[in-house]
Amino acid sequence: MLVEDELREGEVTVVPPPPNDAGLVFIGRIRTPWSSRSETPRQGRHDGPVCRLEIFEPWGQALQGIDHYATLDVVYWLHQSRRDLVLQRGHHASGVRGTFSLRSPLRPNPIGISSVALVGVEGNTVLVRGLDCLDGTPLIDLKPDRCNHSL
Ligand code: SAM
């Protein structure tokens, strides 16, 4: 069995510079049914399970108007990713590829982006379908898809 952080043949790491403080504030936490990377979908689908975006205070008010949109972009921090790979084996691609030619979660700044379908809003919790991240993944941002109003 492959240990999740183990290097595979041909993969190359570098010693990355120490991270700068980019000043990110996690605005919430994502609740999904998945507790291991191997069982998490590679890309979310709009017919996938309902997941919950729990927004922390003081950001709850910032949800006002979000229900006018049918789809949203969700930006999150893939917190369990290693950040030192420059060449890696993609999930399906044969051979080794550069990190920036893949949507792999293993990248210098492990930011994930998904377009999700809005299911509903319950107080400070947004219900969506279309995610592909672990339960407990930190949430960075939420943006409407301006081309897809529900009104
Ligand atoms: N949809 C996003 C994107 O394209 O930017 C993420 C795609 S990435 C291929 C999704 C995979 O990242 C999952 O299948 C899982 O293996 C891994 N993953 C999910 N949540 C993670 C987390 N919190 N930390 C590290 N890896 C994670």
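The values are calculated or read from the model by the stated rules, or taken from the named source; none is laboratory data. Predicted, not measured: the structure shown is a model, and the values here were computed from it. Ideal geometry is used to build each Cβ from the backbone, glycine not excepted, and the neighbour counts take in all protein chains shown. Calculation scope for accessible area: heavy atoms of the full protein, side chains included, ligands and nucleic acids excluded. Shrake-Rupley method; radii C 1.70, N 1.55, O 1.52, S 1.80 Å.
Here is how the numbers come out for the structure above:
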{"quantity": "Matching entry among LEU85, LEU102, LEU118 (being open to solvent by less than 30 Å² (accessible area, probe 1.4 Å) and more than 9 Å from the ligand (Cβ to nearest atom))", "calculated": "LEU85"}
{"quantity": "Boolean, ILE113 is modelled with pLDDT of 95 or more, among the β-branched types (Val, Ile, Thr) and open to solvent by less than 60 Å² (accessible area, probe 1.4 Å)", "calculated": "no"}
{"quantity": "Top-ranked residue of the range 121-137 - restricted to ones that are part of a loop (DSSP other than H, G, I, E, B) and among the acidic types (Asp, Glu), ranked as surrounded by the fewest Cβ atoms within 10 Å (Cβ to Cβ)", "calculated": "ASP135"}
{"quantity": "Of all residues in the range 106-115 being touching a residue at least 40 places away in the same chain (Cβ under 8 Å) and assigned to a strand (DSSP E or B), the one that is farthest from the ligand (Cβ to nearest atom)", "calculated": "SER115"}
{"quantity": "Inter-residue pairs, beta-carbon under 6 Å, first more than 19 Å from PRO41 (Cβ to Cβ) and more than 16 Å from the ligand (Cβ to nearest atom) and in the range 123-148, second assigned to a strand (DSSP E or B) and of a type in the set (Val, Ile, Thr), 6+ apart", "calculated": "ASN124/ILE55; ASN148/THR71"}
{"quantity": "Of all residues in the range 37-82 being near the ligand (Cβ under 10 Å from one of its atoms) and over 26 Å from PRO16 (Cα atoms), the one that is least open to solvent (accessible area, probe 1.4 Å)", "calculated": "VAL74"}
